[in-house]
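J.: Sharing a structure here in structure tokens format.
The values are calculated or read from the model by the stated rules, or taken from the named source; none is laboratory data. As the structure is a prediction and not an experimental result, all values here were calculated from the model. Every residue, glycine as well, gets a Cβ built from its backbone with ideal geometry; the counts of neighbours run over all protein chains shown. In case anyone asks, the SASA skips ligands and DNA or RNA and just uses the protein heavy atoms, side chains included. Shrake-Rupley method; radii C 1.70, N 1.55, O 1.52, S 1.80 Å.
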Amino acid sequence: MTTTLDTKGMNCPLPILKAKKAIKGLADGETLQVLSTDPGSVKDFEAFCRQSGDELLDTQEADGEYTYMIKKG
């Protein structure tokens, strides 16, 4: 199951804080798709996943929109 979290228009640290809260509600192995427009979120989500033990499956950027796929570990 994949849950989508739309954080477009929000700046650091809000996308990370909202993602952290959303991931807590997921079961291990479920995925969270995060949508963002914050260019700084690329490094933020990489660091977040390293620290949390969750897996950053994919990062994409198109026209200033970033999409992250995170698997709860």
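J.: Where the accessible area of the chain is counted over protein heavy atoms with a 1.4 Å probe, how much of it, in %, is carbon and sulfur?
T.: It is 49 percent, rounded to a whole number.
J.: Rounded to the nearest 10 degrees, what's the angle between the helix 14-24 long axis and the longest principal axis of the chain, both from Cα atoms, 0 to 90?
T.: Between helix and principal axis, roughly 20 degrees.
J.: With runs of 4+ DSSP H residues as the only contributors, calculate the mean residue ellipticity of the chain at 222 nm using -39,500 (n - 2.57) per run, divided by the residue total and rounded to the nearest 500.
T.: Result for the chain, helices only: -9500 deg cm²/dmol.
J.: At a temperature of 4 °C and a viscosity of 1.567 mPa s, determine how fast the chain diffuses translationally according to Stokes-Einstein, using the Kirkwood radius over alpha-carbon pairs as Rh; express D in µm²/s, rounded to the nearest whole number.
T.: In µm²/s, the coefficient is 110.
J.: Please give me, ordered by residue number, the GluC sites (Glu not before Pro) of the chain that lie in loop per DSSP and have at most 15 other Cβ atoms within 10 Å.
T.: GLU30
J.: Please turn the phi angles of the range 48-54 into ³J(HN,Hα) values with the Karplus equation 6.51 cos²θ - 1.76 cosθ + 1.60 (θ = phi - 60°), one per residue in order, whole Hz, x for glycine and proline.
T.: Per-residue couplings from phi come out as 4, 5, 4, 6, 7, x, 7 Hz.
J.: At 7 Å along Cα-to-Cβ for each site, give me the label-to-label distance between THR67 and GLU55 in nm.
T.: If labels sit at THR67 and GLU55, their model points lie 2.0 nm apart.
J.: Shifting gears a bit: Send over a whole-number figure in Å² for the accessible area per residue of the chain, probe 1.4 Å.
T.: Normalised by residue count, the accessible surface of the chain is 60 Å².
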